[in-house]
Amino acid sequence: MINSAAPYLMDSFLNLLNPHQREAVCHNGEGLLVLAGAGTGKTRVLTSRIAWLLSEGHCQSRDIMAVTFTNKAAKEMRERLEVMVAFGFSGLTLGTFHGICHRLLRRHAVAAGVDKNFQIMDSSDQLTFIRRLLREKQVDEKEFPPTECRSYINAAKENGVRAAAAPVPHKRAAAMRELYSWYEESCRREHKADFAELLLAVVELLRKDADLRTHYARRFLHILVDEFQDTNALQYEWLKLLDSGDNHFFAVGDDDQSIYAFRGADPGNMLRFQEELRSNTIVRLEQNYRSTGNILHAANRLIATNHNRIGKNLKTDQGGGAPINIIRATKDIEEAANIVIATKQLLETNMVADEVAVLYRTNAQSRLLEQAMIEYAIPYRIYGGTRFYERLEVKHALAYLRLIAGDDRDALIRVINMPPRGIGTRAIEKLQETATQMGSNLFAALEAVQIPKIGQFAALLRKIRALYASGADLPTLARAAIEQSGLLEHYSAKTEDTERAENLREFVNGAVLFQTSETDNEDNSPLLQFIANAVLESGEAQGAPSNAVNLMTIHAAKGLEFMHVFVAGLEEGLFPTSQSLNSINTAAIEEERRLMYVALTRARRELSLHYAGSRQVYGETKYLPPSRFLNELPADCLSTDAVDTLATPVPSITSVPQPSFQRTRLPRPPMPTDEDNIPDMRYRAGDTVLHPRYGKGVVIRRQGNGDDLQVQVTFKKLGIKTFKAALAPLKKISG
DNA sequence: TGTGTGCGCATTTTT
DNA sequence: TGCGCACACA
């Protein structure tokens, strides 16, 4: 059967690959781990692999599953495949972990014990849900902050653990577990699923249903996983459950780019994968097609400082290129100005704005940069804003659709008075009481309660639900949701809200588009699919000017590349963050270093690294020394200015390395409860200390250990003083 | 019911 | 320092 790329076409694609890439693409053994460095063509390898499998007749498209983390990555793979696989690849399972599990869960809802019409909660929906639950159970939100509860629940789920099985090491954990248990119960009762639930429910289903597991494990002869270093315990278990014993796993990842360990991602899964999923070969992709020699050299050297890594070295055929700049500013505002002025000069020499990026560690840093961009009239775009389906007005519109689809309590509360129709807290309380008296839910009470305005709302609800029952299509429903509800009118009336009204119209456009392009011909209604899609794929952040300088966190920059990259805020306490410096676990600082590695490897041609002598942090002026990462770069790829800059002692920590702690491989060492247990932790760079005579100062450097520990403290007026930590009358104020 | 005020908080966040 | 959220008020 011809279902794939014509052979001659495939040959031409194979010819584009280097020997290592080809080795991976044409791998014939069982499993394969591809260690793909930054800019080494990993997407090309993944897509070529699929094209090769099909063209060589190893399998049909329906036998392949390719999993990514982001919708963007899935989309990119799909687009590239469309070019490569001439005869199409319908039947191929390609999507995110969550997207694929979502489909499985809908298909096997009954077997999994969930309602077929379950609704997905995004993280903000989840928080609202938890808040309501806490209120219902009369739990003090001060004592159990909803966000902490959410983290607890998500972390448990991502480790594959239900409330019933959650460990209780201490009293608080017992309380958390009970909360988790209530949460599970409420989710079940109200047909809600959070993100992690999509995976956990499928994992549990596969755990218990051997037939189903065998079915899928046999079906997917080839399972390809992108960004394997980012998999968490639950995702890994899911993959393992799909192991039939003789299907083929193809994992692509880079442990050096693991920057989501803080969220439960475990790069150790790469090694586990090798052992447990029959991959006795690693193919290393080290030929980099992105950056100049200097940039790669710097990145290689920096990351070599990390102990806990599989190990690889990027190389390039390009020359050294421009040396890396390191630029010191006296203060943060000046740093922003330096970057923006340099950007302006680049643009004047015909650099395309899109090809310039300013990267930073924390979102808070974007403010000064943004101001400077405005001041110098440079078009810019900040990534990380509110995405389309996360916008307030769009969430309202979506809530109306949810109400059409079924009894959704949170959706009801959200829009019962949106647009305002005179239903206040008092009325809602009454509604709630009625529901309790009836021994039923809010929706039953809606029809029973004797409040005219609620009666009107109930009528509205009946009307749009009737529309659905009569078979109205998705765009009609979307239009009804914003028009009959009065939402559109409400936002159109306010001149300052024209953008919101515009977004609501865009919402309807989205529905029209979804209706026509809808590829997922499962047995679910387009309405449910549309809602789920909105949550799982909440869309681009914003449509800023098309050609603009890119401002984003380093996390957001992963996977992207730019001709010229500025990295801002390279200071101890900011990057690496003070939290990572204070951590007794070296894993934290290693993750920061990987983040730096990601930042460096975004640049194709030029790289400028910036730091400031002082910075406003939460209204306080902090004097932070330059980041250790700057000192970890080899001098021979830096500009001479850069070397001088680093050598200038302002406040200097030049080449004195921070005391490196013994690298233990303990997964999670116990957190210290009392700082005094570990005297070395008393003073860290960036800490604010109080001296009886000199006043407030900031620790900029520490040397030695135990009783010999010396700290250098910079005082606003007196400058830098050195103290013996054991003797000095210093008191730590913050850090 | 919408508006104001003040408190508390403040890495990173693919789904 | 700046904001987002919770609560108090008119």
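Eigen-decomposition of the gyration tensor built on the alpha-carbon atoms of region A:388-537 gives equivalent ellipsoid semi-axes of 26, 19, 12 angstrom, largest listed first. Here chain A was treated as a single set of alpha-carbon atoms; its pair distances binned every 20 Å from 0 give 15, 43, 35, 7, 0 percent.
Estimated at 0.36 nm per residue, the fully extended path between A:N441 and A:Y618 surpasses their Cα-Cα distance by 59.2 nm.
To the nearest ten degrees, helix A:42-55 and the longest principal axis of the Cα atoms of chain A are 50 degrees apart. Translational diffusion coefficient of region A:119-190 (Stokes-Einstein, Kirkwood radius from Cα pairs, 4 °C, 1.567 mPa s): 106 µm²/s. In chain A, the longest principal axis of the Cα atoms and the axis of helix A:171-189 are about 40 degrees apart.
Rank these for me by crowding, A:I341, A:I333, going from fewest to most other beta carbons within 10 Å.
Values: A:I341 13, A:I333 16.
The most exposed by this proxy come first: A:I341, A:I333.
Note the full-extension length gain between A:H170 and A:E429 as 0.36 nm times their separation in residues minus their Cα-Cα distance, in nm to one decimal.
Working: separation 259, 0.36 × 259 = 93.24 nm, distance 3.67 nm.
Here the answer is 89.6 nm.
Think of it as helices only: each DSSP H run of n ≥ 4 in chain A is worth -39500 (n - 2.57), and spread over all residues that comes to -13500 deg cm²/dmol at 222 nm. Scalar couplings 3J(HN,Hα) for region A:57-63, obtained by applying the Karplus form with A = 6.51, B = -1.76, C = 1.60 to θ = phi - 60°, are x, 5, 6, 9, 4, 6, 8 Hz; x denotes Gly and Pro.
Step through the table entries A:K192/A:K558; A:K315/A:K558; A:K116/A:K240; A:K75/A:K315, compare each Cα-Cα distance with 24 Å, and write down the pairs that go over it.
A:K192/A:K558; A:K116/A:K240; A:K75/A:K315
The slack in the chain from A:H58 to A:T214, taken as 0.36 nm per residue of separation less the alpha-carbon distance, amounts to 54.1 nm.
The label-point distance for A:C26 and A:A155, in a model that sets each label 7 Å from Cα toward Cβ, rounds to 4.8 nm. Phi angles across region A:370-381 convert, under the Karplus curve 6.51 cos²θ - 1.76 cosθ + 1.60 with θ = phi - 60°, into 3J(HN,Hα) values of 4, 4, 5, 4, 5, 4, 9, 6, 9, x, 9, 9 Hz, Gly and Pro given as x. D by Stokes-Einstein for region A:359-416, Kirkwood Rh over Cα pairs, 37 °C, 0.692 mPa s: 230 µm²/s. When you restrict to C-alpha pairs under 8 Å that are six or more residues apart and normalise by the size of chain A, the relative contact order lands at 14 percent. Spatial offset of region A:352-368 relative to region A:539-605 amounts to 9 Å, using the alpha carbon center of each.
Can you sort A:D266, A:D256 by how many other beta carbons sit within 10 Å, fewest first? Kindly include the intermediate steps, with their values, before the conclusion.
Details: A:D266 20, A:D256 28.
Ascending number of Cβ neighbours within 10 Å: A:D266, A:D256.
With 27 Å as the limit on Cα-Cα distance, the pairs of A:K42/A:K344; A:K395/A:K453; A:K157/A:K430 that go past it are A:K42/A:K344; A:K157/A:K430. If R0 is taken as 22 Å, the Cβ-Cβ distance between A:T43 and A:L9 corresponds to a FRET efficiency of 0.75. The 3J(HN,Hα) values that the Karplus relation (6.51, -1.76, 1.60; θ = phi - 60°) gives for region A:116-128 are, in residue order, 4, 9, 4, 10, 8, 9, 7, 5, 6, 4, 4, 5, 4 Hz. Gly and Pro appear as x. Taking amide H as placed 1.01 Å from N in the peptide plane, A:I324 has its amide H under 5 Å from the amide H of A:L638, A:S639, each at least 5 places away in sequence or on another chain.
Listing A:R135, A:R272, A:R290 from the residue with the fewest other Cβ atoms within 10 Å to the one with the most, what is the order? Numbers along the way, then the final one.
Numbers: A:R135 11, A:R272 15, A:R290 21.
With the fewest neighbours first, A:R135, A:R272, A:R290 line up as A:R135, A:R272, A:R290.
Read-outs throughout are calculated quantities, based only on the coordinates presented, and are distinct from any laboratory measurement. Keep in mind the model is a prediction, meaning the values are calculated, not measured. A quick note on method: Cβ atoms are made from the backbone with ideal geometry, for glycine too, and the neighbour counts reach across all protein chains shown.
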